[in-house]
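The values are calculated or read from the model by the stated rules, or taken from the named source; none is laboratory data. Computed from a predicted structure; not experimentally measured. So basically every Cβ, Gly included, is an ideal-geometry build from the backbone, and we count neighbours across all protein chains shown.
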Amino acid sequence: MSETSSLLSLRGVVKVYDTGEVPFTALRGIDLEVHTGEFVGIIGKSGSGKTTLINMITGIDHPTSGEIVVAGTRVHALSENELARWRGRTIGVVFQFFQLLPTLTVLENVLLPMDFCHMWTPRERTARAMYLLEQVELADQADKLPAALSGGQQQRAAIARALANDPPILAADEPTGNLDSKTAEAVFGLFEGLVQQHKTIIMVTHDNDLAQRVRRALHVSDGQIAEERVLRPRHGA
Amino acid sequence: MRSVRVTKVLRDLSSHWFRTLLVVLSIAIGVFAVGVILGGRQVLVREFDREYAASQPPNAVLYTAPFDERIVRDVLEYPGVEAALGRRSAEVRYSWRGSPGLRTLRVVAYEDLESISVQKVVPEQAGHWPPGRGEIVLESSAKQTGDYRVGDVFTIAREHDDPVGVKVVGFAHDVNAFPAQFSGAETGFVSFATLPDLGLPQTFDQLLVVFDQDGLTQRSASRVAEGIARDVFEANGIAVYATDVPKPGSHFLGDIFKAVSLLLLALGILALALSGFLVTNTVSALMAQHIKQVGIMKAVGGHASQVTAMYLGMVGVYGVMAVAIGLPAATVTGKWFIGYAADILNIRVVSHAPPGWVTALEIAVGLIVPLLAAVVPVHAGTRMSVAHALSAAGVPTTEFGHGRFDRLLGGVRGLPRPVALSLRNTFLRKGRLALTLATLTLASAVVMSVFCVQSSIDRTIDDLDAWWRYDMEIRYERPVDAQVLEREIRAVDGVSDVESWITAPTSLARADGTRNETLVTQGVPADTTFVAPSVTSGRWLEPGDTDAVVVNTDALKAEPDLGVGRRVTLAMLGRERTWRVVGVVKGQMGGPALFTTRDALATCLGDAAVSRSVVKSTTSDAQEQQQTLERIERRLEEAGYAVAETHTVADLRDQVASQLGILVSFLVIMAALLASVGVIGLTGAMSINVIESTREIGVMRAIGATHDSIYRIFTTEGLVVGLMSWALGAVVAYPLSYYLTAGLSQTIGVPLTYRFSWSGVGLWCAAIGVISIVASLAPAFRASQVSVRDAIAYE
Ligand SMILES: Nc1ncnc2c1ncn2[C@@H]1O[C@H](COP(=O)(O)OP(=O)(O)OP(=O)(O)O)[C@@H](O)[C@H]1O
Ligand SMILES: [Mg+2]
């Protein structure tokens, strides 16, 4: 595959945390290419560096060395502020603990990224937010505060928010980690649907069942990609 | 459509209404304090200056033998004289519906009440001006000493005649008059036509002069006044008994006023600083709580400047609300405060409106100070990287506990960002404690210092009590023969002993040829048991002293020439001779005074007649002493003696105490204001602690803590902070109260003997204990209401 056709590429990414008494190398030279429409699962045992890796991709954290190019943007070279704007439009982030803003309603939480990034006209924003909430089957909960929602509902709201600016990429760190298996299944189903719509999804998960079902699984161990498994090559699908 | 960002700001404000209330109150109290204190000060100073300047205050007052309009015209011709006015002033004794006994009234009579050119008086709206024959207009400060009303009739005692009634027809304000509550005597203005009714001649006995103000000093004024006395009065055979030359442009209450105004300024600035502390505290805590939300907003595309704008907008809303509360509250309270202070200081307030800059400052304090306080924490919060923002808030703070100090140390080397964050967290908490403590400590120190000032005043009065060994005092219009007089007094029921003194106005010839005309010499029996002098150097009078004079500390301070061993030339009632200073005694607050033996003074004056009697009572009951004094006065009047003034020592002490009490009452108001700033600060800090401890509280609840035990944990925390501030405040109060007392003493010119108030410290300990528990009730209640579910949801 040529370099230009990959949506996302990591070259020799190293991350050293020097917070502790001894500096700790969490990522030891990661090389990775992801193409448009791929559904990538990242698995590995606790402390292996999965969150660190996904934070490199979303620009939430900076690499110590190495290059990260996402949709033609050299992420590692952006400032915090440039990152915020870029991320808002390019990557939808889904957190393990949902992270909805407690004082905003579900609808307002979904509106917020469009507001920040000045996407669409105000009228279109509401229509779009409602459309996204319908997609995640939350339209009837739009005016509730997050605290009044179940965990699964909150996570679906968070996914709707992640999709607000119609980003090509969705990055999720253990999105089902706090959900029961049935709800987790529903969220996973949502992701599969998004992949159908040519979104690229990168998802960290602990759930072995789910890990089995992603098309491409990266096994992270000790800060390196130890194993890569491609279940169903997409070509011809 | 309203932007979601604006929605979030408004939603945060309303859903955390308790925090909003606290922040708004913290800011509002600063706005309020600035408005009341600085506004009050500015208005009082402005009104005082305006009125004083408009009153044409005299540069010299000559007390003389009778004279008439021709002399006044001559004085007006005298070089350097701008304006001159003759008037008659006399003290009479009167009774009215408000007082059973006799009181002293200072009657001031003008020939032409319509055009008073010097020391102008301003008639009040109610009542009428000028008073006609048989009518009197009271100086406004009388309202402070009694319930005087238009229509009251004063029954005035007359020497050789039956009492006469004069009717109160109005009030007029004289900014130069000594306020009644200070002097114990009311002042009233009458026309010349009324003088014969009071048994007084229709001539002047006082000349008020205003000099050319160009380069005028007290010295030069003194010289012109002496010239007038010599060239106009004495040249016409009119005796000048005394001349009073005040420092040009300085009002006699100016020093007290300056002290009060300085105090207000200092406290205003202090209140402002404390309010700034509170705001910094709350905004920092707010940002600490919102770090994770900041992280989330940035993770979904929020630009740092957008997030910053949201939080500064929030603080802006706090500010607007605070100004909306603080400004009107300050206006209302300020008006009350100005009225209160103006009554006490006898200032006529025309406009209560503070100058525009005070209002501008109030708005600035409300809007700009919070924004300034917010800039650093908001900036720190929004610049934080998303990764750190998310992890910082996601982990319970207690888990950091142990390594925190290590990290703090580690951070000194190069401050990596995660270290900077935890260091900042630590600082936020320590900083909050420090700020809360600082606020409460300052308030405590000021409160305890006020106790100390009160205690020093009490001690000073105790010292006076030690000097006074008599209970009552009677002053006569004219010198009288002591022997007959004392026989009369002794015969009165309730009198245990009596002694009489000679009082002579005294002029001291200074080495440089100038004179001090303001001294008074008392001739007292050398073996008197009526005063107990506290000798600071040299000795007290001894029987057989012929040229010995003892001076008090006030006299020594005014005239350093009066040191022990010095020979001084004193002129008394026109007789000049040399005396030897043999001792210095502690002053008695009556101003500079000299003491000689009665015999020596009688010899010097060539007259043994006495001018005052001091009486010991058989009882220590103030009420009974007052009755005895009234009996004495009646008996003396019947025997044909003209009594000028009487008072009990208890009254005098109360008067002194109430004068000094004015300062204390100002201090108390200010201390209360500071204490409320401190209390709001404590409540605020406690609430922040509760919010930040929500998770811990939930965990405690989960493992079996009852509502009560949570409640107790937080009230105890409040109590501990309160008591810490008390202990620190006591340490600060020790020097603070000393300098405060010394400073007050200096500015008002009253020598106060400093005494630390241990009882005040004890009292405040109890008070701050109660206050800090009360201050933490609301936060503790909120803490006790935290459910396990809330705590987990708080994530
Ligand atoms: N801020 C940090 N400072 C220091 N070390 C860190 C920091 N964040 C993570 N680490 C370390 O880096 C390693 C990788 O962490 P990471 O969070 O990426 O693991 P993970 O694979 O996501 O684990 P989990 O499955 O438990 O979420 C861990 O050993 C962790 O201790
Ligand atoms: Mg992880």
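Taking segment A:146-226 as the region of interest, none of the helices (runs of 4 or more DSSP H) fully inside it holds 3 or more residues being crowded, with 23+ Cβ neighbours inside 10 Å, of a type in the set (S, T, Y) and more than 16 Å from ligand 1 (Cβ to nearest atom).
Reported count of residues in segment A:78-117, each being closer than 26 Å to B:H16 by Cβ, β-branched (V, I, T) and more than 8 Å from chain B (Cβ to nearest Cβ), is 3. Could you please tell me which pairs satisfy a Cβ distance under 7 Å, a separation of 6+ or placement on different chains, a first residue in segment A:118-140 that is closer than 18 Å to A:A158 by Cβ and of a type outside the set (A, V, I, L, M), and a second residue that is at pLDDT below 90 and part of a loop (DSSP other than H, G, I, E, B)? Here the result reads A:R128/A:W120, each pair linking segment A:118-140 to a residue that is at pLDDT below 90 and part of a loop (DSSP other than H, G, I, E, B). Please list, ordered by residue number, the strands (runs of 3 or more DSSP E) wholly in segment B:57-146 having 2 or more residues that are more than 33 Å from the chain's Cα centre (by Cα) and touching a residue at least 24 places away in the same chain (Cβ under 8 Å). Qualifying strands (runs of 3 or more DSSP E): B:60-67, B:81-96.
If you check B:L312, B:L367, B:L345 for being away from chain A (no Cβ under 14 Å), under 37 Å from the mean Cα position of the chain (by Cα) and under 27 Å from B:R19 (Cα atoms), only one passes: B:L367. Output the residues belonging to segment B:561-584 that are surrounded by 13 or more Cβ atoms within 10 Å (Cβ to Cβ) and part of a loop (DSSP other than H, G, I, E, B). Of everything in segment B:561-584, those that are surrounded by 13 or more Cβ atoms within 10 Å (Cβ to Cβ) and part of a loop (DSSP other than H, G, I, E, B) turn out to be B:G563, B:V564, B:R566, B:L573.
In segment A:120-128, the condition of being within 12 Å of chain B (Cβ to nearest Cβ), within 22 Å of B:G295 (Cβ to Cβ) and not charged (D, E, K, R) is met by no residue. Test B:L38 against the criterion of being within 14 Å of chain A (Cβ to nearest Cβ) and either under 19 Å from B:V323 (Cα atoms) or in contact (Cβ under 8 Å) with a residue 24 or more places away in the chain (or both), and give yes or no. Spelling it out, it is not the case that B:L38 is within 14 Å of chain A (Cβ to nearest Cβ) and either under 19 Å from B:V323 (Cα atoms) or in contact (Cβ under 8 Å) with a residue 24 or more places away in the chain (or both). Cβ-Cβ contacts under 9 Å between residues 6 or more apart (or on different chains), taken from a first residue in segment A:95-108 that is touching a residue at least 40 places away in the same chain (Cβ under 8 Å) to a second residue that is of a type in the set (S, T, Y) and away from ligand 1 (no atom under 16 Å from the Cβ), are listed as A:P102/B:S15; A:P102/B:Y794; A:T103/B:T7; A:T103/B:S14; A:T103/B:S15; A:L104/B:T7; A:T105/B:T7. Just one of the listed residues (A:A164, A:A172) is under 30 Å from B:R11 (Cα atoms), in contact (Cβ under 8 Å) with a residue 60 or more places away in the chain, within 16 Å of ligand 2 (Cβ to nearest atom) and within 13 Å of another protein chain (Cβ to nearest Cβ), and it is A:A172.
Could we say that B:Q625 is of a type outside the set (G, A, S), surrounded by 16 or more Cβ atoms within 10 Å (Cβ to Cβ) and over 23 Å from the mean Cα position of the chain (by Cα) here? Against the criterion (of a type outside the set (G, A, S), surrounded by 16 or more Cβ atoms within 10 Å (Cβ to Cβ) and over 23 Å from the mean Cα position of the chain (by Cα)), B:Q625 qualifies.
Yes or no, residue by residue, for (1) touching a helix residue (DSSP H, G or I) at 6+ places or on another chain (Cβ under 6 Å); (2) within 16 Å of ligand 2 (Cβ to nearest atom); (3) of a type in the set (A, V, I, L, M); (4) more than 18 Å from A:F24 (Cα to Cα):
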site: A:V40; (1), (2), (3), (4): no, yes, yes, yes
site: A:G49; (1), (2), (3), (4): no, yes, no, no
site: A:M56; (1), (2), (3), (4): no, yes, yes, no
site: A:A77; (1), (2), (3), (4): no, no, yes, yes
site: A:E82; (1), (2), (3), (4): no, no, no, yes
site: A:R85; (1), (2), (3), (4): no, no, no, yes
site: A:V94; (1), (2), (3), (4): yes, yes, yes, yes
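Of the candidates B:L22, B:L13, the single residue that is touching a residue at least 12 places away in the same chain (Cβ under 8 Å) and within 14 Å of chain A (Cβ to nearest Cβ) is B:L13. For B:T359, the stated conditions do not hold, so it cannot be described as more than 14 Å from chain A (Cβ to nearest Cβ) and closer than 30 Å to B:V386 by Cα. Within segment A:55-71, restricting attention to residues that are away from chain B (no Cβ under 11 Å) and among the hydrophobic types (A, V, I, L, M, F, W, C), the residue that is surrounded by the most Cβ atoms within 10 Å (Cβ to Cβ) is A:V70. It is to be established whether one or more residues within segment B:411-430 are within 16 Å of ligand 1 (Cβ to nearest atom), modelled with pLDDT of 70 or more and more than 39 Å from the chain's Cα centre (by Cα). Within segment B:411-430 (the criterion being within 16 Å of ligand 1 (Cβ to nearest atom), modelled with pLDDT of 70 or more and more than 39 Å from the chain's Cα centre (by Cα)), the answer is no, since none of the residues qualifies. Within this structure, A:V14 passes the test of being over 14 Å from the mean Cα position of the chain (by Cα), more than 13 Å from ligand 2 (Cβ to nearest atom) and in a strand (DSSP E or B). For segment A:45-58, the set of residues classified as more than 6 Å from ligand 1 (Cβ to nearest atom) and assigned to a loop (DSSP other than H, G, I, E, B) consists of A:K45 only.
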